[in-house]
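Enquirer: Here it is, the structure, as structure tokens.
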Amino acid sequence: MSNARAIIESIPRVSLATLPTPLTEAVGLRAALGGRSRCPRILLKRDDLTGLALGGNKARKLEFLIADAQRLGATTIVTTGAVQSNHARMTAAAARVAGLEVTLVLTTREPDPPRQGNYLLDHLFGARVHLIPAGPDPRIAVAPDEEARVCEVVDELRARGERPYVIPVGGSSGVGALGYVFGTRELVEQLTAMSVSPSRVYYASGSRGTQAGLELGWRLFSPSYRLHGIAVSGGEEEKRIRAARIATEAASLLGVDVTIAPDDLVTNQEFIGEGYGIPTPGGLEAITLVAERDGVLLDPTYTSKAMAALIADVRARTIDPGETIIFLHTGGAPALFAHAEALGGRL
């Protein structure tokens, strides 16, 4: 939709990511899954290579979110996530690029989590960190009192004369969703240049900002593929409502007449495992298989679970070997260093 393309370009944006990200072929993985006779062609959309703070999908969202914060005259950024949050790590870096302060409200199941992986990088970027206890259900990533704790932090910052800009968990807002509307346009242009018409895009789905952007982008740019989101945490009913709302808000920002309803959205719930941030056997296999066969790093929380779903579908023969599919690699490699014990049994 040419009108949407022009509007996207007109929306304020801070350059944070190295774009376009490459679209590469997982030749080794295809061979490991049976070769051409059993496995479709697999292309990797390498959003782990966006560059900012070791890369990841959040850079796309943060380009629009940080620009919005600057437009509103913010002096500091506040956001939330788990203690090994990729979003928190990249938000801290993005704030520093923009010359802003940053406060992170992080959920943890340990009173004093080790400073490793993303959590180490949060401190390296000089973020102020507030730790809050996680809830009883390991499948739910958000702490039960997260909203109230964020309000406390915001009130404290305002009392000190700061002007805080709150970014929701995962950058999941109408503004943040614009990142993957733009990302869809980029992917469609790459596929057109390659004369490739994939049938599916697999991606890890957490707080649903990525889903919202991809779903809206799919409606605006009419690609050949269908979206296959793989949930990495529970709370599906609430998240479908959130994703539909965010996507519709993003459409409004673009001035396009698109409304997305919760019932329009489907996310596979079969690969969450024991809970958010807890590695699964299938995910650990995916990490080692993709690393050994293609030299690409997946993470234990997001991309490994999405890749486990792709691998399971190939093995179940639910995808024709003649198809081409895309795996959206959303990053997260720093979290590997917080899961050495789980990975150790496979090395």
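The values are calculated or read from the model by the stated rules, or taken from the named source; none is laboratory data. Fair warning: this is a prediction, and the values are worked out from it, not measured in the lab. All Cβ positions, even for glycine, are placed from backbone atoms using ideal geometry, and neighbour counts span all protein chains on display.
Enquirer: Please find, among ALA82, ALA26, ALA69, ALA17, the residue that is under 18 Å from GLY174 (Cβ atoms), in contact (Cβ under 8 Å) with a residue 24 or more places away in the chain and either assigned by TED's automatic domain parsing to the domain that holds CYS151 or touching an Asp or Glu at 6+ places or on another chain (Cβ under 9 Å) (or both).
Expert: Just one listed residue meets the conditions, ALA69.
Enquirer: Got at least one residue in the range 58-78 being within 20 Å of the chain's Cα centre (by Cα) and among the polar types (S, T, N, Q)?
Expert: Within the range 58-78 (the criterion being within 20 Å of the chain's Cα centre (by Cα) and among the polar types (S, T, N, Q)), the answer is no, since none of the residues qualifies.
Enquirer: While we're on this one: Of everything in the range 304-319, what is of a type in the set (Val, Ile, Thr) and buried (at least 17 other Cβ atoms within 10 Å of the Cβ)? Give them in sequence order.
Expert: Selection gives ILE311, VAL314, ILE319.
Enquirer: Let me ask another. For VAL97, indicate whether it is in the same structural domain as LEU62 (by TED's automatic domain parsing), farther than 27 Å from ALA231 by Cβ, surrounded by fewer than 20 Cβ atoms within 10 Å (Cβ to Cβ) and aliphatic (A, V, I, L, M).
Expert: When the stated conditions are applied, VAL97 passes them.
Enquirer: Of VAL150, VAL201, VAL196, VAL129, which residue is surrounded by fewer than 23 Cβ atoms within 10 Å (Cβ to Cβ) and in a helix (DSSP H, G or I)?
Expert: VAL150
Enquirer: Taking the range 259-273 on its own, how many of its residues are modelled with pLDDT of 95 or more and assigned to a loop (DSSP other than H, G, I, E, B)?
Expert: Residues meeting the conditions: 8.
Enquirer: Just for the range 153-193: of the residues that are aromatic (Phe, Trp, Tyr) and assigned by TED's automatic domain parsing to the domain that holds GLU270, which one is surrounded by the fewest Cβ atoms within 10 Å (Cβ to Cβ)?
Expert: Restricting to residues being aromatic (Phe, Trp, Tyr) and assigned by TED's automatic domain parsing to the domain that holds GLU270, the top hit is PHE182.
Enquirer: May I pose another question? Is it the case that THR103 is closer than 20 Å to ASP68 by Cβ and either within 17 Å of the chain's Cα centre (by Cα) or in contact (Cβ under 8 Å) with a residue 24 or more places away in the chain (or both)?
Expert: Yes; evaluated as a whole, the condition is true for this residue.
Enquirer: Taking PRO321 and the conditions (1) more than 19 Å from the chain's Cα centre (by Cα); (2) over 24 Å from GLU215 (Cα atoms); (3) in a helix (DSSP H, G or I); (4) in contact (Cβ under 8 Å) with a residue 12 or more places away in the chain, which numbered condition does it fall short on, given that it satisfies the others?
Expert: Checking PRO321 against (1) more than 19 Å from the chain's Cα centre (by Cα); (2) over 24 Å from GLU215 (Cα atoms); (3) in a helix (DSSP H, G or I); (4) in contact (Cβ under 8 Å) with a residue 12 or more places away in the chain, the one that fails is (3).
Enquirer: Residue under question is GLY229, and the condition is that it be of a type in the set (Gly, Ala, Ser), part of a strand (DSSP E or B) and modelled with pLDDT of 95 or more; does it hold?
Expert: yes
Enquirer: Condition first: buried (at least 24 other Cβ atoms within 10 Å of the Cβ) and under 27 Å from LEU106 (Cβ atoms). Can you find one or more residues in the range 262-270 that meet it?
Expert: Checked against the condition, which is being buried (at least 24 other Cβ atoms within 10 Å of the Cβ) and under 27 Å from LEU106 (Cβ atoms), the range 262-270 yields no hits at all.
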